[in-house]
Amino acid sequence: MGEISVKKDISEMSLAFVGAGKMAQAMAKGFLAAGVVKADHITATAPSCRSQDTLEGIGCQFTHNNKEAVANSDIIFLSVKPHVLPGVLQEIAPVVTKRHLMVSVAAGVPLQFLEEKLPPKSRVIRVMPNTPCVVRQGASVYVPGSHVEKEDSEIIKSLLSSLGYCSESNEGMISAVTGLAGSGPAYAFTAIDALADGGVKMGLPRELSIKLAAQTLLGASKMVLETGKHPMQLKDDVCSPGGTTIYAIHKLESGGFRNLLIDAVEGACLRADAIAKKAK
Ligand SMILES: NC(=O)C1=CN([C@@H]2O[C@H](COP(=O)(O)OP(=O)(O)OC[C@H]3O[C@@H](n4cnc5c(N)ncnc54)[C@H](OP(=O)(O)O)[C@@H]3O)[C@@H](O)[C@H]2O)C=CC1
Ligand SMILES: O=C(O)[C@@H]1CCC=N1
């Protein structure tokens, strides 16, 4: 996680999450764990009280009033579901000013749509984060809108880097990023659960199975990131000739394991594209 020097003091800035659900909570908790933002500088909004205890429990403010939260904050994370976003943009547009840096995490909602629904020249950035932000192991990209200044991008890069890996991207890539990294944790959780089932089937206790499965994926991921070796070379290093692993790999290949993962990324990517078309 590289440190970035930003002239404005981010720790003095106030953040609002419009939408206080799973993604907002993951980011808010990650920011607090990283110590980049003060808890009492974060406000989250939602129509119900579902998330209130969690947000207040970590020292953040919670309100049902979107306009007030936006008016009193510098950086606004639009963290409602994509189909809810048009109504929210219409509601908050009257209080959005030059002060505000608007950051949408909504899958599939294009920058042009966001910019058109907000006052002219609004500074808008599109971000695709993922839930491992909560443990500061997120993988995010951001795409600056047409009226974003260099320092705005630096602020977002600095904030997102505190939550894990982050890079600037272009909007043409963001659906694919969504299919791979935005949705990706769900594939990994499913893989961990299935591996744990395998352990249980072969006689291991459930708790040990889940730990072994999760730590195995964590260790393998770290090896890819830290050795710089190609994943298939690392796979070959585990496969002893005539040993156990190549028998398992044969089973995976027979079942179309790689095809399924490629299809999964493609499916989520195409869904993000379909959401984008609806927003136009
Ligand atoms: N979950 C993920 O892994 C990821 C999600 N995203 C994006 O993040 C966004 C949020 O997703 P997620 O957190 O999963 O969804 P959740 O359903 O967990 O959260 C949505 C939040 O929006 C609130 N909300 C609903 N209507 C309004 C409104 N009119 N004004 C203010 N808040 C409102 C909900 O309140 P209430 O609880 O009262 O209904 C809830 O707090 C989506 O656009 C998604 O595409 C992006 C990357 C990853
Ligand atoms: O499933 C979704 O639509 C959101 C966006 C990426 C991850 N979760």
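Here are the numbers:
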{"read-out": "Pair list, Cβ < 6 Å and 6+ apart or interchain, from the stretch 8-21 residues that are in the same structural domain as Ala69 (by TED's automatic domain parsing) and of a type outside the set (A, V, I, L, M, F, W, C) to residues that are outside any strand (DSSP E or B) and at pLDDT 95 or above", "value": "Ser14/His41; Ser14/Ser73; Ser14/Asp74; Gly19/Ser79; Gly19/Val80"}
{"read-out": "Neighbours by Cβ (under 6 Å, 6+ apart or cross-chain): first from the stretch 247-272, under 22 Å from Ala107 (Cα atoms); second outside any helix (DSSP H, G or I) and within 15 Å of ligand 1 (Cβ to nearest atom)", "value": "Ala268/Ser183; Ala272/Ala107; Ala272/Gly108"}
{"read-out": "Cβ pairs under 9 Å, 6+ apart, first in the stretch 82-98 and closer than 18 Å to His147 by Cβ and touching a residue at least 60 places away in the same chain (Cβ under 8 Å), second surrounded by 15 or more Cβ atoms within 10 Å (Cβ to Cβ) and of a type outside the set (A, V, I, L, M, F, W, C)", "value": "Ile92/Asn66; Ile92/Lys67"}
{"read-out": "Wholly within the stretch 202-268, helices (runs of 4 or more DSSP H) carrying at least 2 residues that are within 27 Å of the chain's Cα centre (by Cα)", "value": "206-227, 231-238"}
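The values are calculated or read from the model by the stated rules, or taken from the named source; none is laboratory data. On a predicted model such as this, the values are computed, not experimentally measured, just so you know. Neighbour counts are summed over all protein chains in view; Cβ atoms, including those assigned to glycine, are modelled from backbone coordinates with ideal geometry.
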